[in-house]
């Protein structure tokens, strides 16, 4: 027969077990919420810092009023107005006036560069500086000094790689834009270079690409910045109740786990990348919002690599043709004299660029974002674009030709 004392003991024991389970669960929850994060502070920037010198060069640019080139102009001009404004004389005078800015640019190139602590407000003027360098390249072309024009374009590509060292994703994307501006300004230059000039330019560009910042490093810095912002972002957690129900450290840990998966795939060829799915559940909302932004970076970096490789192959093939009187039977003949190695197609599965000789010409191509070898059929230009732009949905190949 159960006495009242035994019944009380049983209830106490049951209550104790329930309390122990509750406390154990709460302890596990708090332990996971306070899991260590990969948020070590970045190293100190170099002194002088090339990034800061690029910013100083951008700020030193004296704007032309009215603009000397369409790249600077916010107004759509008639052909007659353009002929009056965009003259070689005005362009040359503007470039000479900005000699101090170009001197700062050269100092930036000579210095080590590291992206400063977040946030940064100078991205727009860095893009404007890249456009100003394109005007410089245009001036060299007008004077018939094509090697100087190529050097100016490569300077811009170098700036793009420099400013993304130590950068989170937004800084890396600005670097991608700047390198694209540099590559575009050099598009029409290779046919005008002699063999030595083309070979030297190819070597320089290949070295810039080889020493560039991999996407994995960009995403690791992005992970650090995002986790830090979550932990200190008061607007995200307006009161203690919300912070208790959705602890910032647990949110940051969820984002970090997602980004670890993205980082592991980041440096593979585009066709081999397999991004982890977006997180779900109570602690995955922020990570799910960020997920498509980060996965789009895969395409942006592959496109940048293809654009640079396209120019690289054109330079190397130009040098080979002038030295040997014909284009090589296969791209393997470019190494090691003109290239350290034939570039691997960033949109492929580890294969090098496709190539074929066509009479006294050639075609080399990347399979492009559709991941299909179209035999060198180029991506079509959209009506709204002045030149071929590579989009994620583009169909066709990215073609290099003389």
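The values are calculated or read from the model by the stated rules, or taken from the named source; none is laboratory data. Source: prediction; values computed, not measured. Neighbour counts are summed over all protein chains in view; Cβ atoms, including those assigned to glycine, are modelled from backbone coordinates with ideal geometry.
Remarks
- Those residues of region 184-196 which are surrounded by fewer than 21 Cβ atoms within 10 Å (Cβ to Cβ) and assigned to a helix (DSSP H, G or I), in sequence order: 184, 191, 192, 195, 196
- Residue, surrounded by the fewest Cβ atoms within 10 Å (Cβ to Cβ), within region 244-263, restricted to residues that are in contact with a helix residue (DSSP H, G or I) (Cβ under 8 Å, 6 or more places away or on another chain) and within 30 Å of residue 345 (Cβ to Cβ): 260
- Some residue of region 264-274 being at pLDDT below 85, surrounded by fewer than 17 Cβ atoms within 10 Å (Cβ to Cβ) and not in a loop (DSSP other than H, G, I, E, B): no
- Subset of region 344-355 that is farther than 20 Å from residue 211 by Cβ and touching a residue at least 24 places away in the same chain (Cβ under 8 Å) - its residue that is surrounded by the fewest Cβ atoms within 10 Å (Cβ to Cβ): 350
- Pair list, Cβ < 8 Å and 6+ apart or interchain, from region 55-82 residues that are farther than 23 Å from residue 156 by Cβ to residues that are assigned to a helix (DSSP H, G or I): 66/85; 77/85
- Sole exception among (1) within 15 Å of residue 222 (Cα to Cα); (2) buried (at least 20 other Cβ atoms within 10 Å of the Cβ); (3) within 13 Å of the chain's Cα centre (by Cα) for residue 303, by number: (1)
- Residue selection: residue 218 satisfies the criterion of being in contact (Cβ under 8 Å) with a residue 24 or more places away in the chain and under 16 Å from the mean Cα position of the chain (by Cα).
- Failed criterion for residue 365 (all others in (1) under 21 Å from residue 186 (Cβ atoms); (2) loosely packed, with under 15 Cβ neighbours inside 10 Å; (3) modelled with pLDDT of 95 or more hold): (2)
- Options 333, 309, 341: the member that is within 20 Å of residue 154 (Cα to Cα) and surrounded by fewer than 23 Cβ atoms within 10 Å (Cβ to Cβ): 341
- Annotation note: of 211, 156, 179, the sole residue that is under 22 Å from the mean Cα position of the chain (by Cα), surrounded by fewer than 17 Cβ atoms within 10 Å (Cβ to Cβ) and touching a residue at least 24 places away in the same chain (Cβ under 8 Å) is 211.
- Options 29, 51; residue that is under 30 Å from residue 252 (Cα atoms) and modelled with pLDDT of 90 or more: 51
- Listing of helices (runs of 4 or more DSSP H) fully contained in region 71-122 that carry 2 or more residues being touching a helix residue (DSSP H, G or I) at 6+ places or on another chain (Cβ under 9 Å) and over 30 Å from residue 43 (Cβ atoms): 88-97
- Selection of first residues in region 295-324 that are on the phi < 0 side of the Ramachandran plot and at pLDDT below 95 and of second residues that are in a helix (DSSP H, G or I) and buried (at least 22 other Cβ atoms within 10 Å of the Cβ), restricted to Cβ pairs under 9 Å at least 6 apart or on distinct chains, gives the following pairs, ordered by first then second residue: 295/262.
- Screening residue 165 against (1) surrounded by 23 or more Cβ atoms within 10 Å (Cβ to Cβ); (2) more than 16 Å from residue 51 (Cα to Cα) leaves a single unmet condition, (2).
- Residue satisfying all of: in region 99-110; surrounded by 18 or more Cβ atoms within 10 Å (Cβ to Cβ) and under 22 Å from the mean Cα position of the chain (by Cα); farthest from residue 58 (Cα to Cα) among these: 108
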